[in-house]
2 protein chains.
Amino acid sequence: MKVSFVGSGNVATHLAQALFTAGYEIVQVYSRNIENANRLANTIGALPINDYLEIKQVDVLIVSITDDALAQIVPEITDKAVLIIHTSGTLPMSILEKSASQIGVLYPLQTFSITKEVNWLTIPICVETSSEEATCTLKKLAQAISNEVIYINSDQRKALHVAAVFACNFSNHLYHLSSNILEKNGLSFDLLKPLVAETAEKIKTLPPIQAQTGPALRGDEKTIATHLKFLENDPTLENIYLALTNSIKSHKK
Amino acid sequence: MKVSFVGSGNVATHLAQALFTAGYEIVQVYSRNIENANRLANTIGALPINDYLEIKQVDVLIVSITDDALAQIVPEITDKAVLIIHTSGTLPMSILEKSASQIGVLYPLQTFSITKEVNWLTIPICVETSSEEATCTLKKLAQAISNEVIYINSDQRKALHVAAVFACNFSNHLYHLSSNILEKNGLSFDLLKPLVAETAEKIKTLPPIQAQTGPALRGDEKTIATHLKFLENDPTLENIYLALTNSIKSHKK
């Protein structure tokens, strides 16, 4: 089965490399920027291109680019493959409805940075397709790299993506904010690493509501006031502190 | 060396059990509620009490209660031990200045739930003391249970506590919010567990700013608008989404 990619970002890179390792032939990698196409294509024996007209017919075309870009390039990729899929957490499958006879979505529920390897086997891959034939092709492809392939519809995928933004993107930003606070006070972020690890570890066995600790949960108003005083010269941090503190208070068991 | 505890909450419980396991004699456990005192005391061969007048002279008295309660009970514990310490991340050491000839703080940088065991050896323990003698006693005690004992002052401890609230308490609450979103859409929180684990794992090797992913970082306004529309009936979630999204945008590399 021949596969090509449109896109060379974090998701495209990790997915293309995983499929290549699983034995799939990756024919082409398209990117507007030929250097980016080249960087990925070189690692998987594919041809780098930066012109849609050069896209060859394949079995599966995987379009993994930003949502804004995807809406724009739909006309350019029409009929380039039997099955055309996107990897967006947010966009409905229907955005591809005129692109091919079979369409689908392959949404890997993970955070990808180009420089950090991930273990695909445990990554949940959410698939959605337009037909039984497409389901068969897409599940086979997904199961070649992950043990956790599930079928969900576009509405559920949207909810999952929002939930993932809260649990992953926003948590990581909180790590960044706390590393800034430490740095300004002559302390290393290394100090907090065991705490970050334990916080994530806990919810493997406890529901997050039961794992909650801290001044907001205890209703420790003196500590909350001390923290707000500490943050008073940084309105952004103050605002985030208040929003999350008030939310914790309103979600008490 | 004889140690007693005032308090029987999460920190007191884990710390008392760790010191007991390390060979320290725990004489008494005070709690306003005798049943709580009993529950902890029973596990470490100590005497449960609920009257300050019954506190016996010991070498080290560890006061591990909420900050609000600590300010109030200072007069009740005066001169009950050679060294009196508290475990608060926020209160200065000076709150104990009239309580004993030696005073100090032992602040373990971890999130404790009574039902979840922790590995003390890797927990950073931050100590602060009023004298060299106190430093000697307190470091010895802390090093009996942890390999990561560091000396920091009250101002640094306050910064560290604020940072820990961001990295730990707030992250855990985000896990809870995302589990709510999934539940309302017929999806299991189990789906997100690999993502939570990887997000925390990443910052062991990458600075959080380099590990950041997601629509806010990409400036993917269409996705952000879709998410805000999805959250429009929940002002609390909408507010948190906006506060964190705007903060991520303003912290781009």
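Hey, could you check segment A:61-77 for residues that are in contact with a strand residue (DSSP E or B) (Cβ under 8 Å, 6 or more places away or on another chain) and farther than 23 Å from A:Ile114 by Cα and say which is farthest from the other protein chains (Cβ to nearest Cβ)? Among those that are in contact with a strand residue (DSSP E or B) (Cβ under 8 Å, 6 or more places away or on another chain) and farther than 23 Å from A:Ile114 by Cα, it is A:Ile77. A:Glu128 fulfils the conditions (1) open to solvent by 10 Å² or more (accessible area, probe 1.4 Å); (2) charged (D, E, K, R); (3) out of contact with any strand residue (DSSP E or B) (no Cβ under 6 Å at 6 or more places or on another chain) except for a single criterion, (3). For segment A:22-36, indicate whether the set of residues that are surrounded by 23 or more Cβ atoms within 10 Å (Cβ to Cβ) and within 14 Å of another protein chain (Cβ to nearest Cβ) is non-empty. Checked against the condition, which is being surrounded by 23 or more Cβ atoms within 10 Å (Cβ to Cβ) and within 14 Å of another protein chain (Cβ to nearest Cβ), segment A:22-36 yields no hits at all.
Residue-by-condition table, conditions (1) open to solvent by 10 Å² or more (accessible area, probe 1.4 Å); (2) at pLDDT 90 or above; (3) under 21 Å from the mean Cα position of the chain (by Cα); (4) of a type in the set (Gly, Ala, Ser):
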| site | (1), (2), (3), (4) |
| --- | --- |
| B:Thr78 | yes, yes, no, no |
| B:Thr87 | yes, yes, yes, no |
| B:Pro92 | yes, yes, yes, no |
| B:Ser99 | no, yes, no, yes |
| B:Ile114 | yes, no, yes, no |
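Scanning segment B:131-146 for residues that are open to solvent by 20 Å² or more (accessible area, probe 1.4 Å) and in contact (Cβ under 8 Å) with a residue 12 or more places away in the chain yields B:Ser131, B:Glu133, B:Thr135, B:Thr137, B:Lys139, B:Ala144. Restricting the first member to segment B:14-31 and to residues that are farther than 21 Å from B:Glu54 by Cβ and in contact (Cβ under 8 Å) with a residue 40 or more places away in the chain, and the second to residues that are among the hydrophobic types (A, V, I, L, M, F, W, C) and open to solvent by 30 Å² or more (accessible area, probe 1.4 Å), the beta-carbon pairs closer than 6 Å and six or more apart or on different chains are B:Ala22/B:Ala144. Looking across segment A:147-188, the residues that are more than 7 Å from every other protein chain (Cβ to nearest Cβ), without any contact (Cβ under 8 Å) to a residue 60 or more places away in the chain and among the polar types (S, T, N, Q) come down to A:Asn147, A:Asn153, A:Asn180, A:Ser188. Take B:Gly9 and decide whether it is surrounded by fewer than 22 Cβ atoms within 10 Å (Cβ to Cβ), among the small types (Gly, Ala, Ser) and closer than 21 Å to A:Gly214 by Cβ. Taking the combined requirement at face value, the residue satisfies it. Checked against (1) under 17 Å from the mean Cα position of the chain (by Cα); (2) surrounded by 22 or more Cβ atoms within 10 Å (Cβ to Cβ), B:Val3 meets all criteria but (1). A:Val162 versus (1) closer than 19 Å to B:Leu217 by Cα; (2) out of contact with any His (no Cβ under 7 Å at 6 or more places or on another chain); (3) modelled with pLDDT of 95 or more: which is the lone unmet condition? Here A:Val162 clears every test but (2).
For segment B:78-109, the candidate set comprises residues that are in a helix (DSSP H, G or I) and more than 13 Å from chain A (Cβ to nearest Cβ); within that set, the residue that is farthest from B:Val11 (Cα to Cα) is B:Ser94. When you go through A:His176, A:His161 one by one, which is the residue that is within 30 Å of A:Gln102 (Cβ to Cβ), open to solvent by 10 Å² or more (accessible area, probe 1.4 Å) and not polar (S, T, N, Q)? A:His161 is the lone residue from the list that is within 30 Å of A:Gln102 (Cβ to Cβ), open to solvent by 10 Å² or more (accessible area, probe 1.4 Å) and not polar (S, T, N, Q). Can you work out which of the residues in segment A:189-219 that are of a type in the set (Gly, Ala, Ser) and within 7 Å of chain B (Cβ to nearest Cβ) is most open to solvent (accessible area, probe 1.4 Å)? If we take residues in segment A:189-219 being of a type in the set (Gly, Ala, Ser) and within 7 Å of chain B (Cβ to nearest Cβ), then A:Ala197 is most open to solvent (accessible area, probe 1.4 Å). Going through (1) farther than 22 Å from A:Ser247 by Cβ; (2) within 25 Å of the chain's Cα centre (by Cα); (3) not in a loop (DSSP other than H, G, I, E, B) one by one, B:Ser171 falls short only on (1). Each residue in segment B:220-253 was checked for being aliphatic (A, V, I, L, M), assigned to a helix (DSSP H, G or I), facing chain A (nearest Cβ under 8 Å) and without any contact (Cβ under 8 Å) to a residue 12 or more places away in the chain, and 1 of them qualify.
Within segment B:199-214, the residues that satisfy the criterion of being in a helix (DSSP H, G or I) and over 23 Å from A:Ile203 (Cβ atoms) are B:Ile209, B:Gln210.
The values are calculated or read from the model by the stated rules, or taken from the named source; none is laboratory data. Please read all numbers here as calculations on a predicted model, not as lab measurements. In this analysis, Cβ positions are derived from the backbone assuming ideal geometry, glycine residues included, and neighbour counts consider all displayed protein chains. These accessible areas exclude ligands, DNA and RNA; they are computed on the full protein's heavy atoms, side chains included. Shrake-Rupley method; radii C 1.70, N 1.55, O 1.52, S 1.80 Å.
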